[in-house]
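First comes the structure, then the notes that go with it.
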Amino acid sequence: QVQLVESGGGLVQDGGSLRLSCAVSIASGLTFSDYGVAWYRQAPGKEREFVAASRFGGGYVNYGNSVKGRFIISSDNARNTVFLQMNNLKFEDTAVYYCSADENFSSVIRERGAYWGQGTQVTVSL
């Protein structure tokens, strides 16, 4: 019913910026604005970490403590896309980034979203 495809990852220098995109394909009977969407990341040897979440139709947003003030989550409903703008990147931000979605906002912020993408690699060099 829902497919998510991340893109925009790559290699960036410490202090640089990247913008990740999550293209959302949804069945015709569903409504984008009712969905919650989130970004998570996972580095080697670590558990998956919450990054940011919002309602696809706008409004409520939430960020993980490690990225507050540096990352911004947003969405473009006309293009069915969710973005993660990452500024002032640090080496510690290196990870595979995943987007997740669910019709229940509470599910995505608790790492229980029904739908997940395959991830995109972000590597920050020193």
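The values are calculated or read from the model by the stated rules, or taken from the named source; none is laboratory data. What you see is a predicted model; the values in this text were computed from it and never measured. Cβ placement follows ideal geometry from the backbone for every residue including glycine, while neighbour counts extend to all protein chains displayed. To get the accessible areas, we keep the full protein, side chains included, count just its heavy atoms, and leave off ligands, DNA and RNA. Shrake-Rupley method; radii C 1.70, N 1.55, O 1.52, S 1.80 Å.
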Number of the condition not met by ARG19 [criteria: (1) under 18 Å from ASP102 (Cβ atoms); (2) within 11 Å of the chain's Cα centre (by Cα); (3) open to solvent by 70 Å² or more (accessible area, probe 1.4 Å)]: (1)
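Rundown of residues vs (1) in a loop (DSSP other than H, G, I, E, B); (2) more than 17 Å from GLY117 (Cβ to Cβ); (3) not acidic (Asp, Glu), yes/no style:
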site	(1), (2), (3)
LEU4	no, no, yes
LEU11	no, yes, yes
SER28	yes, yes, yes
VAL37	no, no, yes
GLU47	yes, yes, no
ALA52	no, no, yes
ILE72	no, yes, yes
SER75	no, no, yes
Restricting the range 57-70 to residues that are under 16 Å from SER106 (Cβ atoms) and not in a loop (DSSP other than H, G, I, E, B), the residue that is most open to solvent (accessible area, probe 1.4 Å): VAL61
Enumeration of residues in the range 22-56 that are open to solvent by less than 30 Å² (accessible area, probe 1.4 Å), touching a residue at least 40 places away in the same chain (Cβ under 8 Å) and of a type outside the set (D, E, K, R): CYS22, VAL24, TYR35, GLY36, VAL37, ALA38, TRP39, TYR40, ALA43, VAL51, ALA53, PHE56
Residue that is nearest to ALA52 (Cα to Cα) [pool: residues in the range 86-126 that are modelled with pLDDT under 95, surrounded by fewer than 17 Cβ atoms within 10 Å (Cβ to Cβ) and hydrophobic (A, V, I, L, M, F, W, C)]: ALA114
Odd one out for ASN77 among (1) in contact with a strand residue (DSSP E or B) (Cβ under 8 Å, 6 or more places away or on another chain); (2) closer than 18 Å to VAL2 by Cβ: (1)
